Every structure is written in structure tokens, then in C-alpha cells.
1. Between Glu434 and Thr397, what is the spin-label point distance in nm, taking each point 7 Å from the Cα along the Cα→C-beta axis?
2. Could you give each residue of segment 639-650 its phi-based ³J(HN,Hα) in whole Hz, using Karplus coefficients 6.51, -1.76, 1.60 with θ = phi - 60°, and x for Gly or Pro?
3. Starting from one equal scatterer on each C-alpha and no solvent at all, send me the Debye-based log10 I(q)/I(0) for segment 148-280 at q = 0.12, 0.18 Å⁻¹, two decimals.
4. Out of residues 5 or more away from Ala198 or on other chains, whose amide H comes under 5 Å of its own, with H placed 1.01 Å from N in the peptide plane?
5. For Arg684, which sequence-distant residues (separation of 5 or more, or a different chain) have an amide H within less than 5 Å of its own amide H, given hydrogens modelled in the peptide plane?
Amino acid sequence: MSPADQLHASQRTSRAFRWAIAIAATVIVAIGIVLLFLLTQATNNRELYERNYGRLFAINVVVAAMLLLVIGWIVVRLASRLRRGRFGSRLLVKLAAIFALVGFIPGMLIYVVSYQFVSRSIESWFDVKVEGALDAGLSLGRATLDTLANDLANKTRAAAGQLGDTPDASAGLTLERIRDQLAATDVVLWSGSGQLVASAGMSRFQLNPERPTPQQLRNTRQQRSIAIVEGLDDPTLASVSNARIKAMAVVTSGGVGLLAEPRFLQVTQNLPATLVANAIAVQEAYREYQERALGRQGLRRMYIGTLTLSLFLAIFGAVLLAILLGNQLAKPLLLLAAGVREVAAGDLSPKPILTGKDELGGLTRSFADMTQQLADARDAVDRSMVQVSAARANLQTILDNLTAGVIVLDSQGRIMTSNPGATRILRVPLAAFEGQPLAQVPGLEPFGAGVQSQFDDFLSERKQHGLDHWQQSYELNAAQPGSPQNAITVVARGAEMPPNSAGESARLLVFDDISEIVSAQRAQAWGEVARRLAHEIKNPLTPIQLSAERLEMKLAGKVAEPERALLEKSVRTIVDQVDAMKRLVNEFRDYARLPAAELKPVDLNGLVADVLQLYAREGSERTDAASQVPIRMELEPDCPRILGDAQQVRQVIHNLLQNAQDATEGAATREVTIRTQYNAPARRVRLIVQDTGTGFPEHILKRAFEPYVTTKAKGTGLGLAVVKKIADEHGARIDLKNRVVDDAVVGAQVSLSFGVAA
């Protein structure tokens, strides 16, 4: 149901309720007017009064009952609304209570005054002296009882001071002493909740002593002490043995504490038998006098009943006005409050308005207009947020898929956010270091310090030179002994971002990994060098060799024996060196002119087995120390075929095995291991070659794949360069690291990861 429908239904219900109240009020007021008229007539005619007394009294009772029912029904309805949590119930109850008090207090004042007037007027019709004497006797008895009660109350309050610092466990002895001092029949110490703490007297022999009522405890707490006379309220049940005075006083504790529970001292003292007998006699005489004055009491009750009826009519009228006026006042307020609650909950749907022309109706219309404006503004904000979210999602998607690394730093160089590209390039989980300075990330200390220095210089020179960004290249190497070779070269660009609402500016750092570009440029440069060497050196080698051999042929028979031996040795040296230079030139030519790989399915395990058989045959003929190093083969039988060029992969295996055998020279244990492994989830086959040598020096580990970088005295440094070039042709990942055990280098390991053939 919409708010407008709810408002219409509420208006219909309210209209029916008002009609029912109006009809009931009219009927009751009419009955009340008739009753007052009959009462007026009866008071002027004593015989008419005596004849119609029963009828008038019955009508009084009926009208009073009807008024009580109507008022009770109104109270129950309000209580039901309040219990169900109907919105606005508290406001209606508050207004009803205010208007009811407005009618009740003046009515009660008039009622009390009229009651006194009626009572005294009727009393004047009878024997005033007798009744005055009886009243004087009753008053004297009451005054005497009040004096005894006040005296006992004062003594009880004084006795309560003796229990201020007395704990509950030892209160019994003190109570016995108080009982003797006050000549009391019973002394009881109660807790603040009405629980028995200690007693002295007759209450000790009772299983369930009579507890003070909550009202008595409240009165005692407020007045510090009270006194009650018991046993004389009902003259028919009054006796000498039952009449007593019961006094209660608050026991003030000497300790200081907000949570200290007060205690109450109750003292019971029997009234003197003579006083009780006299009081009972006076009450009995007064009762008999009242019975004889039955007619007078009936008339007085009639007047009092009429006054009570008038009081009920006043209260009913006040409650009725409270309901009617409360609804009129509360309706727009409740409408506004309901609308405010809906707006606070996020509901900005059109709100109902009142058609009245007063200020409250205008307020509901203004609130409806404001709600509509808020709804329009929220729609505009939602559209803007959708656009911002879409732009943010697009930007995040771009950053996540960007190959370049992006890091946002604050003014202190702390990492605020980064994209996956930065983690991939730097090989450090930057998300785990957010909030920390970039210069303190393990492995990136030099890079972070350099970036911070560049930003400082850029910010100091930006205004002077009009710069909008800076650019610098860095060579990063987070490799530790035994870890894979991962030296990278990055080119970084930095700029300052626009300031935020707080006036703080973040710093944007964008960088790219140009290691492959640098490596390709180096390989291209070495290829160009190799081609030029092959062209410039190889051409003169053949004429030099032929000239040396021709000199030997021409001079062999023309010189003496010593000179001939020198000639032959010199010619042989020239020929050997020319052959060595030809081999070097051929290696450079092979590196520069390495043919493109023809990728086909290749059995890597089969290639390894074929190469090891060749090494076994060569080992039987070779006599150098490297050829005697044993090679252990560990091939995983389930390795699938890889996508590669068989001839080039065979060359890779040769180069790696030869380097591994050469690396074990001088080691205590000389052994080479070659193994294959298959990673099913990644669909990659890994070729691993390990040795037990001394490993790679740190400076070699960083540049091992560059041409002419070697640790061997007779090597050209092209072995691993050729392996790297073939790996690039196959799209294989190559890793190089030292094997470390207990912080000691025990050898080197080279591994290549090939893709599986489809």
C-alpha cells in the first residue's frame, strides 16, 4: 500500500472514530443533564427524594459505569496502539495525557471544594454537638496515635544510626539492644529489596515474616522514617491484641559508594490496652451514630455521586478533546515524521500532503517538494556515480592489463597503490608493502632511492625549467647467490598528480621492462661485430696459410738442418694459429647467421639420450680431463613432445653439457646431471643441467648470456649466448643460478622451459 493510500485509510478510520465518540458523548451528556435535573428536583422535595432515591442512585451508577467504560476503552485503544508500536502513538498518548490533566486538575479542585461544602451543609442538619463530640473523640484518638507513632518513628530513626557501620552478620545483637531500649515487641532489619537481614523478637520464630510493601519502602526512602498504626482500621475486627504501631527508618551506611544498598530498620510496638479500648469505644459509638443518620448519608452520597459524575464528565470531555485535537495536531506532524523516517531510510518516493491552508499543511507541501528535489538530486548523483564507477572500472582494467608497471607514491615515497604489471616487472609483491617507502622494499632499495632522488630534483626544477615529467633508466638486479639470474633494465617516468581535497599531491611512477630490447640490441650488435670479423679476418687467413706453406716448400731443401727445423716449426705455428682463427671466425659466423628455427614436435628425452650416446663414443677417444666427467641422466618418462627444432635443441644440449663438464675442473667431486621434468598444469617441459663446480661469479651471473663473457681461459664466451638465442627462437624461458647448500655454492644449474606440442 502506498503512503497516499495509507493516509486515505487513516482518514476514513479517524472520521468513523470521531463520529462514534461524538454520538457516545452526546448520549452520556444528555443522561447527565437529566440526572442533574432530577437531583435538583429531589433536593427541594424530601418525599420525592426518599421515594426516588433508589432510582437516582441506580442512574448514577449506570452513568458512572458508562463513563468508565468509555474512558477505559479509549485508554485501552491508546495502549494497544502504543504496544503495537504504531508510529505516532507516543505523541497521541502525550497529548491525551496533557489534555486529561488539564481537565482533571480543575475538576478535582472543584470536586474537593464541593465535597467539603456538601458535607458541611448536610452535617448542619443533624445534631452537631453529638457528632462534634464523637469527632473530637476520634480526633483526640487519632492525635494520640499520631503522637505515639511520630515518637516511635523518631526513636526508630535514632536507633537506625546505631546500625550504620554494623555488618549484616553481627546485626542481631544490635537489634536485641534496640528492642530493649525501645521496649518493642519486634525489631527487624530489611535489605533494600525487602529481604530479611536480621530480627529480634517474635519475628525470629516465624518462618515467613510479613515483609514491608514496596510502597512502604519507597516512602521510607523518601521521608527517612515512617510510622503506621495497624489493627484499628476496621472497627469490627479491632482488638487490644492486634493494635500496634509499626515504624520504619532508613539505615544510613557509613561507607561511600554509589552502589551501596540501603537497609531498613522496622520496629513494632504494641499500643497501650487502655488507649486501644477507648479508641475502639469511640469508633463503635461513631459507627452507631452514622447508622442512625442513614438518610443523611444517602443524601450526601447522592450529592457526592453527582459531583463524581460531573468529574467523570469533565475528564471524559478532556480525554475526548485530547483525542480529537491531538489527531488534528498530530496528523501533519506524524505525516512529516513518517516522511522524514522514510527519507532517512533512503525512500525518496513522492510523499502525501495535506490540503489544509494552515502552516502545517504548507509544511507538508514544502516537505514533499524538498523530497522530490532530493530524489532528482540523488538520481543525478547515481548517474554520475555510475559513470565514475564505469570510468574507474575501465581505468582499473587498463591498469591491470597494462604491460607497463604503475606505482602511485605519496610525498614521502610510500607506496599507495600499484598494478599487477609493476609486480610482474619488479618480481616483488608490491601489494604487501603498501604504506611502506619504496626505498625500503627488499631488493628495490637502490631503485627506490633513485626514484625519490629524481622526484626531489624534478620538483625543485619544475617551475624553473617548466618540466612536466622526468625519465630515467635503471638496471635492477635483485638476484642473490643461488637465485635465478634476473637482472632487468627498466626505463622509468615520473610526474606529480593533481592535489586532492586536502591539498596533498601524489606521485605517479610508470616504468617498462626494456631488458629484452637491450638484450636484442646487444645480440644484434654482437651479430654485426661477428659478421664484420668474419668478413675482415677470414679473407686474409687463407693467403697467410698458403704463403707460409709455399715458403716452406721453396726453402725446405735450400737451408741447413737447424734453419730447416726452425722453418718447419714457424710454418706449423702459423698454420695452427690460422686454423684457430678460422674456428673462431666460424663460431662468430654461426652465431651471427643462426638459421630460423623450424618448430616441430620433438622427443626431448630421445634427443638427450642420443647426445649422451655420442658423448660416450667421444669419451672413449678423447683424452682431455673434461671428457672424463661422468654424466648422470634423470629423464621423466611421461614427458610429452615439445615444440622445437631438433638440430638447434641438440646444439643446446651439447653446449650445456660441455660447459658443465668444463665447470667441474678443480672440484673435489666432478659430476654432471641432466634431467627432464613435466609440469602438467602449466603444460611445460623443463630441461635441467647441473654440475658440481664452483658456480658462476657474481659479475658473470649478471651477464652470462652476452657474447664473449666466459670464465674459461680458452673459451670464446659464445656457448651460452647461442643457447639464449636458440631459447628465444623457441619461446623457451631460460634460468641460470648457482646451487647453494648451507650458504655455500656447490655448483651451477641452467634450465630451459619448453612449450608442449599441441
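Just so it is clear, none of the values below were taken in a lab; they were calculated from the coordinates. Everything numeric in this text was worked out from a predicted model, so none of it was measured. Every residue, glycine as well, gets a Cβ built from its backbone with ideal geometry; the counts of neighbours run over all protein chains shown.
1. 2.1
2. Computed from phi, the couplings for segment 639-650 are 5, x, 5, 9, 9, x, 9, 4, 5, 6, 5, 4 Hz.
3. -0.45, -0.97
4. Those lying under 5 Å, H to H, from Ala198 are Leu189.
5. Residues meeting the amide H criterion: Asn679.
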